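Peer 1: Here it is: the structure, laid out below.
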Amino acid sequence: MNIMQMFPLASLTSEQLMCLLPLFTISAGGLFSLLVGTNKSNGHGYAFIVSFAAVLYALIEGCSNLFVSDISLLQNTLVLNPFTRSLNLMIMCFALIAVVLTYGQDKKEGLLAEIYGLILFSCAGMMLMVSTSHLLFMFISLEIMSLAIYVMVAMRRSSRFSSEAGLKYFILGGLASALFLYGSALIFGSTGSFELSTIAHNVQMGQPSIIFYIGLGLVTVAMLFKVGAFPFHGWLPDVYQGAATNVTGYMGAGVKFTAFMAFAKISQHLVFNESVEGLHWFHSFLWFVAAASMIYGNVVAISQTEIKRMLAYSTIAHTGYLLLGLIVVRTGVEDTRSLIIYLFFYALSNLGVFALISLFEDKNQKDLNLEQMAGLGIKHPILGALFTIFLFSMAGIPLTSGFIGKYGLFSSAVSRGEVPLVVIAVLTSVVSVYYYLRVIVYLFMKESTGEMATLHRLKGPTVAAVISALATLQFGVFPKAVIHFVKMFAR
Amino acid sequence: MDSTSSTLLSWIVFTPMIFAVIALLTPSFMESKLRTLTLIQTLVSAVLGIMLYMGFDGTSSTMQMVHFIPWLPDWGINYRVGIDGISLPLVLLTSFISPAAILGTWPHGELKKEKFFVVLIMALQSGMYGTFLSTDLFLFYFFWEIVLIPMFFMIGIWGGKDRIYATIKFFIYTMIGSLLMLVAIFWLIHSSQEFFGQPTANMAQLSQMSFGFDGSSLANAFRSPQTYLFLAFALAFVIKVPMVPFHTWLPDAHVQAPTVGSVFLAAVLLKLGTYGLMRIAIPFFPQAALYFSDFFILMGVIGIIYGAFCALSQTDFKKLVAYSSVSHMGYIMVGLFSFQKVAIAGSLYQMINHGISAGGLFMIVGFLYERLHTRNLEDFGGLAKIVPLMAIAFMIMTLSSVALPGSNGFVGEFPILLGAFQVQPVFVLFAGTGVILGAIYALKAYQMVMLGPKTTRHDVSHLHDLDAKEIIAMITLTIFVFGIGFFPRTFFWKSDATLEEYGTTVIQKSRNP
């Protein structure tokens, strides 16, 4: 064994190293922030600075590396082309906002300084996951991401809801991971490859065996679990409520983005491969899951009186809309454009709205009751306005980026002939308008009857909310930049 | 076209927005000046409206003063505003009713959160101008939705007792229609890609496309794509009009809204619906529109009579005026769907006239409510002697509302009935009874408020008459009531070329594709 094989890093060319630099920076920043976080007097502050600097530097690195040529490593398992690099950039944006959002929230909720390191580790996992089309590698990066998230969810140590949520998420998530791995193994068994394009090729050559279909079914179910689609959503409301609110925001943005991009890659190669028989069943299955998620999520959200739980159910509905965008993904990455745009805009308003909730939540409070929010918008007009922007964005009302996202997603679905599902989507989003408006009604139009939530003046969440709100408005009125960015790289 | 005139429309759309930003930045010690600022803004908008009227070429039937800025060219979506003879009167209506509404309806006392209120009024105006002026379908939808938001807050925060119920009902009702319209917009833009080779949301281009329609039987009609598209657009618009049976949000919203909100709602927002029908639903899908025209005329007639009977039985003055709106908007539906040139022109006139008379009546309701804090008709009586000026103003608005010859109402309703009579004489016979019913309920309201013995329920002896601002507002409206009534050509001649061209094209396209 020569020295090159022992240290694969040393065999990289300088260009390959350049491309991997954001990933290295994030991982090293995570480790380093764990280290400085042990400082007794100001561990949180140091960890914040280190992780913030690491993500920011990685982001700059990622921007400057966007245009270099394609890199593939480890026998094509890790592919860094402009498309995956731009996805990585978006993920780093979410991580950056999440790091900012955590500052201040960490002390209030008594989170350990390790939270910053965990954010960075999960970010690295997400970046790997969207950069690969190798099922096994996908599994490993899924685990890198998920393990960090499990810990983050359970990190409010003095809250029993948090422990409950962490355990629930861990057990069910572990089951989903196992399904994914087992499914990949079955697919490997029947097609002889883990590489998605090779699998698709082999499947086209000869009629696949039943084992392939079982494997594909297991992988699909695992992915549906990760994105929180209807029959596999059971963990979602409890985890959203139990986790510290900054973690919830980061999950809703990052995990959803990553899982959907990976899912889109899998389904584009395997499920919507029109030359293979029997796969239309998967299409119909996803169609029904999408419709059921929209209906279930929106209808159940109406009856919620706690805001995080309501947003959890609404996120199931958003998963339904996104699945609608997913089933029109056919040939190449061009089809994922509207999906990416929607996810990006949704993630922004998601981070923003949870940042605002964390400002009003007391320590260890499970959730913010709508009654507690009555009159808050009148008392704090600017925060109320920010709340309104995010809720309008989620409801898809013009002037906000959510409308542009929804427009792109639904119009691409209409152009693919999925009109009935789009009609279901718009009708259920009328329902969603009702419960989003109800929050605004409480904020501005109801008098406070009992105790009103107190405002915790935390720097981090405030900054995160303002940044997200500005971006939401900016991209709502002038979305051209994002659309061009996505168009440039998704081809 | 020179560059100064081509940006005028954008100035009209965004001037209220600019003032809204100024209002937001007003420091708290200046907040007492916010009302003046609002008045200045509406006056600036009115001046811009006059400039628009001066610069408008009445002999041309095409879009004028087009201002084009690329927005999302990849999706075929652009910022494109323009004006023709159909939108001109509606823009002018908005720019003249706004200062009158601000002058006439501002609450006398302190208003809570006045800054927010002012910003909403300005945003509302921007949205209304934008909807009337946009010639890009996406932009139209964009502004159409934006109009909802200020109204939602206005009713919800400053409204009456059941304001939350009313405002949510208003919002959800409109959203159901507009989201289905959005799906139809996707479909249109997607089809434009096949038709023109690239997607476009330009209304002028979209109206050239034709969709298959087979009217040989009802079942075949419902298999035609044109039917779906037409119904999706029409639903969004008739909810806004509102057409029976989608009218139930209107009385609630009107009764709960603050007076200035009611005035804008009645005078301009309802016209967005009929404008949409006239601009999009009918000319884009003329065959389907013609095929279903009997249904819409029938619904219009039902609206006229049903609205009138509902108005007749109200004791709440504001609700009475709200139901009278349902009744009067029914005429516009009858006129638009009769596919007769004279009736179509009458519908456009009726939009303006109803804006003036309903706006004026809501202001009268506001005057009374400010002074006596009641809207119950039985609480009034014999006020004419105490407040003679208000009695005169009320009489003028009543006459305008009942379409007395010589007032503006007649100019709108008469051509509609005349034109529609040629296609649906029986329906028009029933619609004509609406004129009589209209006179009954309007005069009943006048009698209960102003005539008869002096009420004993309130101490009305010290009731003060209209103040200077309210007089100016009423005089503005009165000029339009009698001006349009006696000299309709002076006010509407600039629309003739467009209406002629529009009528010819629509009627021709609806008969032979």
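Here, each number is a calculation from the coordinates, and none is a lab measurement. Not measured: the values here are computed from a predicted model. No Cβ is skipped: glycine too gets one built from the backbone with ideal geometry, and neighbour counts run over all protein chains shown.
Peer 1: Compute the Cα gyration tensor for chain A, then decide on rounded, prolate or oblate, letting a ≥ b ≥ c be the square roots of its eigenvalues: rounded whenever a/c is under 1.5, prolate when a/b is larger than b/c in the other cases, and oblate in all that remain.
Peer 2: On the way: a/c = 1.66, a/b = 1.22, b/c = 1.36.
The shape class here is oblate.
Peer 1: Local charge sum around residue B:506 (other residues, Cβ-Cβ under 13 Å, Lys/Arg +1, Asp/Glu -1)?
Peer 2: Values: positive: B:279, B:341, B:509, B:511; negative: B:500, B:501.
Residues close to residue B:506 contribute a combined charge of +2.
Peer 1: On to the next question. Compute the longest continuous run of chain B that contains no exposed trypsin sites (Lys or Arg not before Pro); treat a site as exposed when its DSSP state is not H, G, I, E or B and it has at most 14 other Cβ atoms within 10 Å.
Peer 2: B:224-384
Peer 1: Could you tally up the Lys pairs in the stretch B:293-513 with alpha carbons closer than 29 Å? Skip any pair fewer than 8 positions apart unless they're on separate chains.
Peer 2: Lysine pairs satisfying the spacing and distance rule in the stretch B:293-513 number 17.
Peer 1: Hey, can you list the DSSP H helices of chain B whose Cα span along the axis is 30 Å or longer and whose average Kyte-Doolittle score is at least 1.6? Display every interim value, and only then the final one.
Peer 2: Numbers: long enough: B:34-55 (31 Å, 1.49); B:137-158 (32 Å, 2.07); B:163-196 (47 Å, 1.22); B:341-372 (46 Å, 0.88); B:425-450 (38 Å, 1.55).
Going by DSSP H runs, the hits are B:137-158.
Peer 1: Arrange the following residues from fewest to most other Cβ atoms within 10 Å of their Cβ: B:214, A:335, B:459.
Peer 2: B:459, B:214, A:335
Peer 1: Rounded to the nearest 0.05, what FRET efficiency do residue B:111 and residue B:74 give with R0 = 56 Å and r taken as the Cβ-Cβ distance? Could you check?
Peer 2: 0.80
Peer 1: I want to verify the translational diffusion coefficient of the stretch A:241-299 in µm²/s; compute it with Stokes-Einstein, Rh as the Kirkwood radius over Cα pairs, at 20 °C and 1.002 mPa s.
Peer 2: D = 157 µm²/s.
Peer 1: Continuing with the same structure: So how far, in whole Å, is the C-alpha centre of the stretch B:382-419 from the one of the stretch B:23-42?
Peer 2: Their Cα centres are 35 Å away from one another.
Peer 1: While we're on this one: Quick check on chain B: helices-only [θ] at 222 nm, where DSSP H runs of length 4 and up contribute -39,500 (n - 2.57) each and the sum goes over total residues. Nearest 500, please.
Peer 2: Taking each H run of at least 4 residues, the total per residue is -23000 deg cm²/dmol.
Peer 1: Specify the inter-centroid distance of the stretch A:434-458 and the stretch B:195-262, based on alpha-carbon positions, in whole Å.
Peer 2: Spelled out, the Cα-based centre of one part sits 36 Å from the other.
Peer 1: Separate question: Name the trypsin sites (Lys or Arg not before Pro) in the stretch A:5-107 that are in a loop by DSSP and that have at most 10 other C-beta atoms within 10 Å, would you? Display every interim value, and only then the final one.
Peer 2: On the way: sites: A:40, A:85, A:107; in loops: A:40.
Filter output for the stretch A:5-107: A:40.
Peer 1: Please give the net charge around residue B:378, taking every other residue with its beta carbon less than 11 angstrom from that of residue B:378, where Lys and Arg add +1 and Asp and Glu add -1.
Peer 2: Neighbour charge sum, excluding residue B:378 itself: 0.
Peer 1: For the stretch A:36-184, build the convex hull from the C-alpha positions and give me its volume per residue in Å³.
Peer 2: It is 106 Å³ per residue.
Peer 1: How large is the Kirkwood hydrodynamic radius of the stretch B:293-513, counting all unique pairs of alpha carbons, in Å?
Peer 2: Mean inverse Cα-Cα distance, inverted, gives 18.0 Å.
Peer 1: Mind checking the stretch A:18-96 for chymotrypsin sites (Phe, Trp or Tyr not before Pro) that DSSP puts in a loop (not H, G, I, E or B) and that have at most 15 other Cβ atoms within 10 Å?
Peer 2: A:67
Peer 1: Moving on. Return the Rg/Rh ratio of chain B with Cα-based radii and a Kirkwood Rh.
Peer 2: When Rh is taken as the Kirkwood radius, the ratio is 0.96.
Peer 1: Quick one: which residues, 5 or more positions from residue B:202 or on another chain, have an amide H under 5 Å from its amide H? H modelled 1.01 Å from N in the peptide plane, none for Pro or chain starts.
Peer 2: B:137
Peer 1: In addition: Given R₀ = 51 Å, FRET efficiency for residue A:454-residue B:223 by Cβ-Cβ distance, to 0.05?
Peer 2: Approximately 0.25, to the nearest 0.05.
Peer 1: What distance in nm separates the two pseudo spin-label positions at residue A:40 and residue A:60, each 7 Å out from Cα along the beta-carbon direction?
Peer 2: 3.5
Peer 1: If you take the beta carbon distance between residue A:207 and residue A:107 as r and set R0 to 60 Å, what does 1/(1 + (r/R0)^6) give as a FRET efficiency, to the nearest 0.05?
Peer 2: Computed FRET efficiency for residue A:207 and residue A:107 comes out at 0.50.
Peer 1: Sticking with this structure for a sec: Work through the residues other than residue A:235 whose Cβ is under 12 Å from its Cβ and net out their charges, Lys, Arg +1 and Asp, Glu -1.
Peer 2: Taking every other residue near residue A:235 into account, the sum is 0.
Peer 1: Also, I was wondering about something else. With the cut-off at 18 Å, tell me which of the pairs A:256/A:480; A:363/A:459; A:40/A:459 have Cα atoms farther apart than that.
Peer 2: A:256/A:480; A:40/A:459
Peer 1: Also, quick follow-up: Can you list, largest first and rounded to whole Å, the semi-axes you get for the protein assembly as shown by taking the square root of 5 times each eigenvalue of its Cα gyration tensor? Mind showing how you got there, number by number?
Peer 2: Numbers: eigenvalues 624, 216, 114 Å².
For the protein assembly as shown, the semi-axes come out at 56, 33, 24 Å.
Peer 1: Considering only C-alpha atoms, what is the centroid distance from the stretch A:118-155 to the stretch A:212-280, in Å?
Peer 2: Going from one Cα centre to the other spans 14 Å.
Peer 1: Moving on. Going by C-beta contacts inside 10 Å, put A:219, A:247, A:328 in order with the fewest on the left.
Peer 2: In order of increasing Cβ crowding within 10 Å: A:328, A:219, A:247.
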